[in-house]
Amino acid sequence: MITIDKSNAHYAFSSENAPSAYAKDGDTVKFRCQDCYNGQILHDGYDFSNVNMKLNNPVTGPLYIEGAEPGDVLRIEIIDIEIESTGSMCARTGAGIYEIDGCHCRRIDIENGSVKFDNDIRITIKPMIGVIGTAPESDVIPTQTPGEHGGNMDIRDLGAGCLLYLPVAVTGGLLSMGDIHAVQGDGETVICALEMSGDITVKIDVLKNRNDIPTPFIVTKEKYLTTAADKSLDVCSIKAARKMHVFLQQHAGLTDAQSGMLLSLAGNLRISQVVNPAKGCIMEFPIGLAKEVFEK
Ligand code: CA
Ligand code: CA
C-alpha cells in the first residue's frame with residue numbers, strides 16, 4: 001500500500017504544492033497525520049502561549065492521482081481511521097463561541113473505545129476526518145477554511161465506511177487530509193474536538209462525466225449529505241439545502257415542489273461547524289426513501 005508520512009505536512013490547498021506521492025485510479029493509500037496542534041500540546045495543562053500557530057492544522061499530502069483531470073470527481077472511500085490513545089483539546093479566550101476565561105489545554109486518554117473525559121463522564125469515540133480536500137484551480141486556501149474544494153469541513157459523519165466525493169480542479173487532483181477527531185459534536189463550538197494524530201486509509205477512484213454529484217458530497221450507510229460553507233450561516237444553510245433539492249430532482253424524478261415538500265418532511269438541515277473562517281451546514285436525507293437512482 002502507498003503510505004504518505006506525516007512529515008509531508010502543508011498548510012494550504014494549492015495547485016503549487018508538489019505531490020508527495022503518486023497513485024493510480026483505484027489505489028488504496030494510507031495518510032499518516034499529525035494532530036491539528038502538530039503535536040505541540042505536550043502534556044495536560046500545557047501553556048498554549050508556547051504553541052506556534054503557524055504550525056497549526058497541518059494536512060498530509062498532496063497525493064497526485066493519475067488520470068484525474070479538471071472536471072472529474074474523486075470518489076474517496078474512507079476505509080479506516082486509526083487513532084492514537086491520547087488526544088488534545090484547548091478551550092481559550094476568544095476562540096469558539098463561548099465566554100471562557102484564560103486558556104486551558106488538556107491531554108485526554110481514550111480507554112476501551114471511550115474518551116475518558118473525567119472519572120464520571122465517558123464519550124464513545126467516533127473517529128472522523130476534520131480536513132480533507134483537493135487543490136483549487138488558482139486560489140491558495142488555508143487549511144483552516146472549508147469550501148467547494150472540501151478543506152476544514154469538520155463534519156462528524158466523515159468517518160470510516162462513508163464515501164466522500166470531491167471535485168478535481170487541477171490535473172492529478174492533489175488530495176490532502178488531516179485534523180482527525182476522536183469524536184465531535186455538531187458545531188464544534190469550543191473550536192476544537194478531541195484532536196488526534198493517526199492514520200487514515202482511503203481508496204480513491206476517479207469518476208468521469210459525473211456533474212450530477214453535488215460536491216463535496218457524502219454518502220454513509222444510511223444517508224446522503226450535501227454540504228456548503230460560507231461566512232454566513234444563513235447563506236450556507238440555504239446552499240446546502242438547495243444542493244439536496246436539486247439532487248432529489250435529478251435522481252428521484254421529483255418536481256421542484258415534490259422535492260421541496262419531501263425535504264421539509266424528511267430532510268435534516270444541520271450545522272456542521274460555526275468556528276472556522278467559513279461556517280458549514282449540511283442537508284441530510286435518508287437513502288432509499290425517494291426511490292432514487294444514484295450510482296455510487
Ligand atoms: Ca477542523
Ligand atoms: Ca480539529
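For this structure, a couple of remarks:
- Highest mobility in the GNM of the chain, judged by mean-square fluctuation with C-alpha springs under 10 Å and restricted to Glu84, Glu99, Glu137, is found for Glu99.
- Cross-link pairs beyond the 28 Å C-alpha cut-off, checked among Lys30/Lys296; Lys6/Lys208; Lys208/Lys239; Lys116/Lys243: Lys6/Lys208; Lys116/Lys243
- Charge-dipole axis of the chain as Lys and Arg at +1 and Asp and Glu at -1 on Cβ define it, positive-most pick from Ser232, Cys103, Met283: Met283
- Acute angle (nearest 10 degrees) that the helix 256-266 long axis makes with the longest principal axis of the chain, alpha-carbon atoms: 40
- With a Förster radius of 51 Å applied to the beta-carbon distance between Ser7 and Ser264, the computed FRET efficiency rounds to 0.55.
- Cβ-based charge dipole, the range 37-87, positive-most Cα from Ile65, Ile41, Thr86: Ile41
- From the alpha carbon centroid of the range 173-198 to that of the range 25-40 is 12 Å.
- To the nearest ten degrees, helix 233-252 and the longest principal axis of the Cα atoms of the chain are 40 degrees apart.
- Inter-label distance, nm, simple model (7 Å from Cα along the C-beta direction), Leu289/Ser114: 3.2
- The overall shape of the range 170-235, judged from the alpha-carbon gyration tensor, is oblate: a/c is not under 1.5, and a/b is no greater than b/c.
- Spatially, the range 41-81 and the range 224-280 are offset by 26 Å when compared through their Cα centroids.
- Measuring nothing but protein heavy atoms, the accessible surface of the chain at 1.4 Å probe radius is 50 percent carbon and sulfur.
- q = 0.08 Å⁻¹, the range 1-146: log10 I(q)/I(0) [Debye, one scatterer per Cα]: -0.29
- Global form of the range 60-217, assessed from the alpha-carbon gyration tensor, a/c cut-off 1.5: prolate
- Debye log10 I(q)/I(0) for the range 134-186, one point scatterer per Cα, at q = 0.20 Å⁻¹: -0.77
- Simple spin-label estimate for Asp47 and Ile123 in nanometres, 7 Å along Cα-Cβ: 2.8
- Evaluated at q = 0.12 Å⁻¹: base-10 log I(q)/I(0), Debye formula over Cα of the chain: -0.75
- Nearest-0.05 FRET efficiency for Ile79 and Glu16, computed from C-beta distance (R0 25 Å): 0.30
- Cα gyration tensor shape of the range 173-296, rounded if a/c is under 1.5, else prolate or oblate by comparing a/b with b/c: oblate
- Residue among Val170, Cys192, Ala21 farthest towards the positive dipole end of the chain, charges placed on Cβ: Val170
- Accessible area per residue, Å², the chain with all protein chains present, probe 1.4 Å: 44
The values are calculated or read from the model by the stated rules, or taken from the named source; none is laboratory data. These numbers were taken from a predicted model, which means no experiment stands behind them. FYI the Cβ positions are ideal-geometry reconstructions off the backbone, even for glycines, and counts take in every protein chain you see. SASA here: full protein model, heavy atoms, side chains in, ligands and nucleic acids out. Shrake-Rupley method; radii C 1.70, N 1.55, O 1.52, S 1.80 Å.
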